[in-house]
Amino acid sequence: MNLIFLGPPGAGKGTQAKQIITKFEIPQISTGEILRAAIKEGTDMGKKAKEFIDAGKLVPDEVVVGIIKDRLAEKDCEKGFLLDGFPRTIAQADALGKVLDDMGRKLNHVVCLDVPNEELLKRLTGRRICRQCGEEYHVMFKKPAKEGVCDKCGGTDIYQRADDNEETISNRLKVYSDQTQPLIDYYGERGFLRRIDGVGSFEEIKNRIFDVLK
Ligand code: AP5
């Protein structure tokens with residue numbers, strides 16, 4: 001199964017991806033996570049990416065296309081992949097098409113989660129993450145059983161992403177509408193697009209996605 005998850009920041013791409021990769025036994029490839037790991041490690045790429053991410057802008061296409069090209073060549077992608085947060089521009093989508101053609105592979109579905117901006121703002125400002133294992137929480141919608149303690153690993157450092165403040169979120173939403181939303185038509189015209197209502201409970205949205213992937 002070769003999938004793309006498309007949708008604005010906070011639409012639930014990362015949350016829902018976890019369920020899909022378990023079922024289909026494919027890796028989740030999140031360009032955002034790869035870039036944040038590079039920032040944490042202090043690599044040259046991480047240093048370059050940080051200024052774009054902190055400003056809510058997109059990292060240059062050649063950087064993320066290079067990341068994806070290398071990642072798709074790894075062995076664990078042989079059975080398929082779920083791209084989370086890539087592509088985000090028409091140039092990235094064209095580059096992905098070429099990489100897949102060269103590998104003799106085809107996309108199956110582009111799942112697009114639709115969520116209105118006021119809901120996105122609530123989700124992003126309230127998101128919290130466990131620094132130890134990466135489990136995601138929300139101050140209203142998904143609290144850990146014991147405040148400040150991760151349900152999954154028991155870690156006690158639950159933090160807020162640096163780009164989850166209102167000013168950066170509003171830039172990210174604008175960038176999405178200007179540069180990423182055109183991909184809805186791009187993949188629609190090519191017959192890959194599956195639009196999903198992304199408002200509802202975690203379980204309801206999961207079921208909508210599974211129905212489409214059947
Ligand atoms: P990235 O890390 O990809 O962030 P994003 O696209 O902005 O997406 P998010 O991770 O913020 O949201 P999500 O849809 O995964 O939502 P989630 O499931 O966490 O990118 C970050 C930055 O990296 C970019 O701004 C850019 O600078 C750079 N970058 C990355 N890829 C790039 C690319 N291809 N090209 C160039 N630059 C790139 O959910 C959010 C919250 O809502 C959570 O707290 C969750 O618990 C909650 N929630 C989820 N579902 C529900 C629900 N149904 N009801 C209530 N709450 C819910």
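Each 10 Å bin from zero holds the following percent of Cα-Cα pairs in segment 83-207: 11, 32, 33, 20, 4.
Within a straight-line Cα-Cα reach of under 24 Å, LYS47 can be paired with the following lysines, leaving aside sequence neighbours fewer than 8 residues apart in one chain: LYS57, LYS69, LYS174. Packing-based ranking of 125-137, 154-166 yields 125-137, 154-166, ordered from highest to lowest mean Cβ neighbour count within 10 Å. Express in whole angstrom the spacing between the alpha-carbon centres of segment 155-214 and segment 42-79. With segment 155-214 and segment 42-79 each reduced to a Cα centre, they are spaced 19 Å.
Projected onto planes of every orientation and averaged, the convex hull of the alpha-carbon atoms in segment 17-96 covers 5.5 nm². Remark on segment 3-157: Rg and Dmax equal 16.3, 49 Å (Cα only).
Alpha-carbon geometry of segment 73-139: the Rg and the Dmax are 16.2, 44 Å, given in that order.
Between SER170 and THR43, the simple label model (points 7 Å from Cα in the Cβ direction) yields a spacing of 3.4 nm. GNM on the chain, alpha-carbon springs under 10 angstrom: the most fluctuating residue among LEU58, LEU120, LEU100 is LEU100. Within the shell of other residues whose beta carbon sits under 14 angstrom from the beta carbon of ASP101, the net charge comes to +3, with Lys and Arg scored +1 and Asp and Glu -1. Label positions at LYS106 and LYS69, each projected 7 Å from the Cα along the C-beta direction, are separated by 2.5 nm. For the pairs LYS79/LYS143; LYS18/LYS146; LYS106/LYS214; LYS75/LYS146; LYS79/LYS206; LYS18/LYS214, flag any whose C-alpha to C-alpha distance is greater than 29 Å. Violating the 29 Å limit, Cα to Cα: LYS79/LYS143; LYS75/LYS146. The share of Cα pairs per 5 Å bin across segment 167-207, counted from zero up to the longest distance, runs 6, 19, 15, 16, 24, 18, 3, 0 percent.
Averaged over its residues, segment 1-90 has an accessible area of 46 Å² per residue, based on protein heavy atoms and a 1.4 Å probe.
With springs only between Cα atoms under 10 Å apart, run a GNM on the chain and tell me which of GLY85, GLY198, GLY148 wobbles the most. The residue with the greatest mean-square fluctuation here is GLY148. Calculated mean residue ellipticity at 222 nm for the chain: -14000 deg cm²/dmol, from DSSP H runs with n ≥ 4 weighted as -39500 (n - 2.57), summed, divided by the residue count and rounded to 500.
Taking every eigenvalue of the Cα gyration tensor of segment 136-196, multiplying by 5 and rooting it, what semi-axes result, largest first, whole Å?
Numbers: eigenvalues 230, 59, 15 Å².
Calculated on Cα positions only, the semi-axes equal 34, 17, 9 Å.
Calculated over segment 1-41, the projected area of the Cα convex hull averaged across directions stands at 3.3 nm².
Using Cβ point charges alone (K and R +1, D and E -1), the dipole size of segment 129-214 about the Cα centre works out to roughly 300 debye. For the chain, the list of Cys residues with no other Cys C-beta under 4.7 Å reads CYS77, CYS112. Straight-line cross-link reach from LYS13 at under 15 Å between alpha-carbon atoms covers these aspartates and glutamates, not counting any fewer than eight positions away in the same chain: GLU33, ASP84, ASP114, GLU119, GLU135, GLU136, ASP197, GLU203, GLU204. Please find the FRET efficiency linking GLU189 to ASP61, where r is the Cβ-Cβ separation and R0 is fixed at 25 Å, and quote it to the nearest 0.05. That pair, GLU189 with ASP61, gives E of 0.75. For the chain, the residue among LEU213, GLY97, GLY188 whose Cα projects farthest onto the positive side of the dipole built from Cβ charges is LEU213. A dipole drawn for the chain from +1 and -1 charges on Cβ atoms has a positive end, and of ALA55, HIS138, VAL149 the residue lying farthest that way is VAL149.
The values are calculated or read from the model by the stated rules, or taken from the named source; none is laboratory data. Please read these numbers as outputs of a predicted model, since none were measured by experiment. FYI the Cβ positions are ideal-geometry reconstructions off the backbone, even for glycines, and counts take in every protein chain you see. Quick note on the areas: whole protein, heavy atoms, side chains included, nothing else; ligands and nucleic acids left out. Shrake-Rupley method; radii C 1.70, N 1.55, O 1.52, S 1.80 Å.
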